[in-house]
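A short reminder: the numbers here are calculations on the coordinates, not readings from a lab. What you see is a predicted model, and the numbers here were worked out from it, not measured in a lab. No Cβ is skipped: glycine too gets one built from the backbone with ideal geometry, and neighbour counts run over all protein chains shown.
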Amino acid sequence: MPIIIDHAPGQVLSFAGEELRHYLGRMLPEDAPVRVLLDVSPAPGSDAFTVDLTPAGGIIRGSSDRAVLLGVYDALRRLGCRFLAPGRENELVPPLAPAELRLRYGHTAAFFHRGVCIEGADSPENILSFIDWLPKAGFNAFFLQFKSPYVFLRRWFSHENDPSLPPEPFTPQDAEAVMDRAQAAIRRRGLMLHKVGHGWTGEALGYPSLGWDAEVRPLSERLRPLAAEVNGVRGLHGGVPANTNLCLSSPAARERFAALVTDYARSNPAVDYLHIWLADSFNNVCECPACQSTTLSDQYVELLNDIDRRLTAEGLDTRLVFLLYQELLWPPVRARLNSPDRFVLMFAPISRTFSRSYDAQAVPPIPPYVRNRITLPGDLGENLAFLRGWQKVFAGDSFVYDYPLGRAHYGDLGYVHIARVIHGDVRRLGDLGLNGYISCQELRAGMPNFLPNYVMGRALLDGGADIDEIIGEYFSAAYGAAAPQALAFLEELSALSRCDYVNGKGPRQDPDMARRMDRAQALCRTFAVPAPGPADGPAQAGFLTRLGYHAQYAARLAAALAALARGDGQAGARWDELCRFIGQGETAFQPWLDVYRVIDVTHNYTGF
Ligand SMILES: [Zn+2]
């Protein structure tokens, strides 16, 4: 008798049913008669599910179609499945005796916003397999930056930073086709779709904004008065529209901006959360007398109110996400949002340390705002002071937008430290008054493994999940019999690593860092990859192969970092050797290590 899944119509429930049938079909004996009902009992505002399964079948009920799918994957995990990384080949699906099909529990997600935002260089397959993995790992949202993810795809197809692969042509139209497939995959899983962010300011100045590229076309004289005046000049900041601010006391600039957002929201009803950000650059805000008389944050709030009025007039219920970042970290002095329910506060502590988790204890006062002379807060307490300031004027929905897997992770050679920092951060979200987390990150953040992303998803879904238990669950599944050796090796590498150094924080000459990296290099060069155990399968063999490659990659990165920190003149040559090595390995390890981004970060932030 086949496995029978009953459910109401709808593509998300159909997909949840196919997934449950697929995995149970692989786990149970062929003749097991199992009948499961997937059911929805609506409760907006949270992902909650109850699971009641016996050897004959039972019911998985969710607060939405998406919650049913999350419940299916969570139940499968509790039955022993492990979704260790994007891609079915990286999953463990153990056999299950019918008598072991017994689960009875209910769960409500600890935080509502649980998402990932695309960065790095990505193939269409990278994007689609990551979207497939999101609900398996407990996430419920995906953020395709800009109006289309062209820049991330183009970096891949042009093989930017990787001379070992010949560039392939790729157009913005090609990106639209990939985006359609990605959005269909998002809808099929009932995930929430976030879009845009940066780019509006450039668009208001007449440039289609699909990334951070510099423009060769001059700014039109008609639109020049809309650009911010900096040092007496109105023009593109560094030639990059996405980094250019507007003169927000210009009614024409505000009008154009608000009209662009409204047009976009009207023609893209599938977008659940539309991000309204200003320039991706700081200390280049307008210095005209009218702008000097107020603050950028006050102008931003008034602009958001303009947009809200237009959306309301058109009957559009798109949620708008506003950003606390750079100048906008300073709370507005006078302006307030008129319709708080329209908006979601997004706190982006991009300059924070990743040596430790958020700490809500010591929060200093906010420093005075000085136009075009700000420095970004490095300390966690300083960052949180800004959040507290905004929370005094806005009490609505909110989440943190953070970057452990977008830059800082390359500095943790073992990935265990950054996983622990992520776990600690998620545990403190409630104290910070934040209702979730969106990770701005490389999708190919998997060398040596996807533990940090896995911990993030588990902790966001289940606030009480213990970090050592999650690490144990992950390692025993990924490395099988070799789990103790793999963990000991990676824990030691993590203990020697310092994320912040790679992220460009602190002096470049640093004897302590040099000593640490010498030891890390020696550890990697002498590490003998354990053989798979007799009970291990292809998934574990893959993780062990990558552990061996990781030791070679980490040895070269550590050698380059040691040379830089010693200042002995060898740093450039060591870094070239690292770049050559990972370029040559990219075809074999493409889904696991983003070669473009390693090189970009170590060049632009670490200082090679
Ligand atoms: Zn101005």
Förster radius 56 Å - calculated FRET efficiency between ALA99 and ARG515, Cβ distance, rounded to 0.05: 0.50
Under the rule that an exposed site lies in a DSSP loop and has at most 14 other Cβ atoms within 10 Å, name the longest stretch of the chain with no GluC sites (Glu not before Pro) of that kind, not counting the sites themselves. 315-608
Reachable lysines from LYS147, criterion Cα separation under 27 angstrom, eight or more residues apart if same chain: LYS136, LYS195
Restricted to the chain, the DSSP antiparallel beta bridge percent, nearest 5, is 30 percent
Projected-area mean, the chain, by convex hull of Cα positions, square nanometres: 27.4 nm²
If VAL68, VAL36 are placed from fewest to most neighbouring beta carbons inside 10 Å, the sequence is VAL36, VAL68
Relative contact order [Cα under 8 Å, 6+ residues apart], the chain, whole percent: 12 percent
Counting pairs of alpha carbon atoms under 8 Å apart in space and at least six apart in sequence, what relative contact order in percent does region 147-200 give? 34 percent
How high is the relative contact order of region 479-606, given as a whole-number percent (alpha carbon pairs under 8 Å, six or more residues apart)? 30 percent
Sequence of LYS136, LYS505, LYS147 once ranked by neighbouring C-beta atoms within 10 Å, starting from the fewest: LYS505, LYS147, LYS136
Scalar couplings 3J(HN,Hα) for region 524-536 by Karplus 6.51 cos²θ - 1.76 cosθ + 1.60 (θ = phi - 60°), nearest whole Hz, x for Gly and Pro, are 5, 5, 9, 6, 9, 5, x, 7, x, x, x, 8, 7
Karplus couplings for region 568-585 from phi (6.51 cos²θ - 1.76 cosθ + 1.60, θ = phi - 60°), rounded to Hz, Gly and Pro as x? 9, x, 9, 4, x, 5, 5, 5, 4, 5, 4, 4, 4, 4, 6, x, 5, x
For the peptides 427-439, 328-340, what is the packing order when you average, over each peptide's residues, the other Cβ atoms within 10 Å and list the highest mean first? 427-439, 328-340
